[in-house]
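Notes for the one structure printed next.
The values are calculated or read from the model by the stated rules, or taken from the named source; none is laboratory data. Only a predicted model underlies this, so the values are computations on that prediction, with no experimental measurement involved. Using ideal geometry, Cβ is built from the backbone for each residue, glycine included, and neighbour counts are taken over all protein chains shown. For the accessible areas, the whole protein counts, side chains as well, though only heavy atoms, and no ligand, DNA or RNA atoms are used. Shrake-Rupley method; radii C 1.70, N 1.55, O 1.52, S 1.80 Å.
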Amino acid sequence: MEFLGYFGGVFAPVSFLLLLGGTIGGLILGATPGLSPTMAVALLIPFTFHLAPVEGLILLGAAYTSTVAGGAVSAILLKIPGAPANIATALDGNAMAQNGEGARALHLSFLSSGIGGVIGVLLLIFLTPILAQWALAFSYSHLFWMAILGVTVIGSLASKSFVKGLLSGCIGLWLSMIGFDDNLGAQRFIFADALAGGIHIIPALIGLFAIPQVMEMFAKGRDNAAIETLDVPKQSLMDSMRELTKNIRALSIGTIFGSIIGIIPGVGGQIAGLVAYDQAQKFSPNKAKFGSGHPEGIIAAESANNAMVGPSLVPLLTLAIPGSPTAAVLLGGLIIHGIFPGSDLFDNHPQVAWTFINSMLVGQILMVIFGIYTATWAARIARAPVPIMAAAVMVLALFGSYSVQQSMGDVYIMLGLGVGMFFLEKFGFSAAPLVLGLILGPIAESNFTTGSLIAQAQDGAWIYFTTGALNLFLIFLVLASVGYSFWSNLALGSKAVEAETHRRTAPHRQYILSSCVILLVAAAVTWISFTAEPADAFLFPRLIAIFFIGLAVWSFIRAISGLARVGAGLDLLGFKNIVPGLVLMGIYVFFAAKALGFYCASILAFLLIYTIYDPAVLSNHRAWAKRVCVTLLFMLVIYSLFAVLLKVQTPKGIWF
């Protein structure tokens, strides 16, 4: 109970003000597409130079916890996950927002985050020595199997077809191989200069989730300029808490899996929400409701996201091993102030260590208070007319993608992946498995490669990766996860597959065509993987290519035999409505942004989009003038955030 003696330091005037500021600022940064928790903490480190060590850590810790939770705001309201950790939240959260239940979804999100976060910090307080030794037990082989266990989630994650889920995951795994091999420095699948540095997860995340949504808005056409006006009822806090108590199973699953994944160094908390979401779905009696606005999905994902925060700091504070990218940035913040984590941290600097941990406990409560207070107001964003929503999301997507590395290459990648994902979604493929493959690919490959090198000096790779109690336990979990995903998906879809067996509709013919395209891509990836040199750099891509081509062949055979589950298909009328917006989006990204500067180009694109898709506004000069003023104000706020706060230099300078 030593930590109780240091609670007073949290409520010192300066410390508490920094805790408030870090919490509120973290919520805002987390809700901004493109700003991950790692980036938010890194941005705040310079502000800690002139603060006392404990004050600086309080600011960084508050930003860390609240940014993770804040990412749920854009995930729920705009279907743009604020960070990879919020991918699973978008699956059900956005569906609830579209049904006028945005405030309810936000309430459940923040309450779940707060409960999971408090339990995670309590684990950090009471079980630090035990958990630190347990984390040390994980070697490269164990981390490899942990990554593969995460990959097994792909088959059932947000996809009604097991095959399509695995195919989406294989595409993501292949995309993660693009760039330079970390071990040998060899080029892999670099077809353009923009791909030389690989595909960064944040632009990919924005493109895969935001751009298909923008194109769906375009597809609604000019006759649907305004979405159906949905009331945003005030959500009672007590009602939300009662609903949370009815979903204890999902809350427990999220907290447990978030805590376990958070403590394992190198696995990364960004997959905690996805794994918890998958497990909550498997154990739920309402499996079919997941993805359509089911509260259990939000509760499991968000409780896992914040439950992993505390345990992720266990290896950092006790072993000086950062358990996540954000923890690595926090390590830099400690060292800057002359504090070196390790076994003697709590002996030499108890005031700093315990005050920092206590502040994270208090910060979770503050995060819930501020998050719930703004939930009803924020939920009204979902009521905006479609043309304005489309323009706003497109501008945020460009700014967020560019801000990561200040590279137009990231913007081009974002747009390319987004357009491709739009067409994939029409045939039943999902973005979530693809993103999960993109995240886990480097983790699995790096641990596989390093483990193989170690195995060469021992008894060989087979012995190294398949022996030992922990290896065998993880392999069992992998096989069990695959088997259960396949069985549950088959059970849920058997009737639908039977109904589709004898159909020969246009969407089915389109699905055969899409299967051919996937097969050709898989064949090209396989050919390049097996012919490129050096062979060692393409070992892991070859393994991925084998599964990729096998699944593509399986999908093609099922398509031509009529056994495949058919997606919605491509609505040609809707596609005609997309073309003007798609052309404008291309001009905006590839030409106007560089020629005119982001500010001027974004204003023009914003005005043109809702003029094209809501031409009636031209007949009402007052409405037109109002929208121009709203556009200028919106662009000023957004651009100030990215250009001034983040000091992002666009191709034409800060403002033009």
Handout entry: Meets criteria (at pLDDT below 85, part of a helix (DSSP H, G or I), open to solvent by 10 Å² or more (accessible area, probe 1.4 Å) and of a type outside the set (D, E, K, R)) for LEU124
Key = no
Handout entry: Extreme residue, nearest to the chain's Cα centre (by Cα), among residues of the range 413-437 that are within 17 Å of LEU167 (Cα to Cα), among the aliphatic types (A, V, I, L, M) and open to solvent by 10 Å² or more (accessible area, probe 1.4 Å)
Key = LEU417
Fill in the blank from the handout: Exactly one of GLY70, GLY82, GLY93, GLY26 is of a type in the set (Gly, Ala, Ser), without any contact (Cβ under 8 Å) to a residue 60 or more places away in the chain and within 23 Å of LEU108 (Cβ to Cβ), and that residue is GLY82
Practice task
For ASP410, state whether it is acidic (Asp, Glu), outside any helix (DSSP H, G or I) and either open to solvent by 40 Å² or more (accessible area, probe 1.4 Å) or at negative phi (or both).
Solution key: no
Fill in the blank from the handout: Flagged in the range 33-63 as within 19 Å of PHE370 (Cα to Cα) and at pLDDT below 85, in numbering order, are PRO37, ALA40
Fill in the blank from the handout: Apart from one, (1) open to solvent by 10 Å² or more (accessible area, probe 1.4 Å); (2) touching a Lys or Arg at 6+ places or on another chain (Cβ under 9 Å) all hold for LEU78; the odd one out is (2)
Practice task
Could you tell me whether the range 287-310 includes any residue that is modelled with pLDDT of 80 or more, open to solvent by 10 Å² or more (accessible area, probe 1.4 Å), farther than 21 Å from TYR140 by Cα and of a type in the set (Val, Ile, Thr)?
Solution key: no
Fill in the blank from the handout: Exactly one of LEU584, LEU572, LEU539, LEU563 is at pLDDT 80 or above, open to solvent by 50 Å² or more (accessible area, probe 1.4 Å) and out of contact with any strand residue (DSSP E or B) (no Cβ under 6 Å at 6 or more places or on another chain), and that one is LEU539
Fill in the blank from the handout: With the first residue restricted to the range 591-608 and required to be aromatic (Phe, Trp, Tyr), and the second required to be open to solvent by 30 Å² or more (accessible area, probe 1.4 Å) and not in a helix (DSSP H, G or I), Cβ contacts under 7 Å at 6 or more apart or on different chains are TYR599/TRP655; TYR599/PHE656
Practice task
Please note which helices (runs of 4 or more DSSP H) are completely contained in the range 172-263 and include at least 1 residues that are open to solvent by 60 Å² or more (accessible area, probe 1.4 Å) and modelled with pLDDT of 85 or more.
Solution key: 237-246, 248-263
Problem - Test: residue in the range 446-457 that is β-branched (Val, Ile, Thr) and open to solvent by less than 20 Å² (accessible area, probe 1.4 Å) - result: no
Exercise for the section: For LEU366, state whether it is of a type outside the set (Asp, Glu), at pLDDT below 80 and either out of contact with any Pro (no Cβ under 9 Å at 6 or more places or on another chain) or open to solvent by less than 10 Å² (accessible area, probe 1.4 Å) (or both). Expected result: no
Practice task
Could you tell me which of the residues SER113, SER109 is touching a helix residue (DSSP H, G or I) at 6+ places or on another chain (Cβ under 8 Å), crowded, with 23+ Cβ neighbours inside 10 Å and more than 14 Å from ILE365 (Cβ to Cβ)?
Solution key: SER109
Problem - Filter result (more than 21 Å from LEU29 (Cβ to Cβ), assigned to a helix (DSSP H, G or I) and of a type outside the set (A, V, I, L, M)) within the range 74-106 - result: ASP92, GLN98, ARG104
Problem - Given (1) out of contact with any Gly (no Cβ under 6 Å at 6 or more places or on another chain); (2) modelled with pLDDT of 90 or more, index of the condition ASP347 fails - result: (2)
Exercise for the section: Give the residues of the range 75-90 that are within 11 Å of the chain's Cα centre (by Cα) and either at pLDDT below 85 or among the small types (Gly, Ala, Ser) (or both), sorted by residue number. Expected result: ALA75, LYS79, ILE80, PRO81, GLY82, ALA83, PRO84, ALA85, ASN86, ILE87, ALA88, ALA90
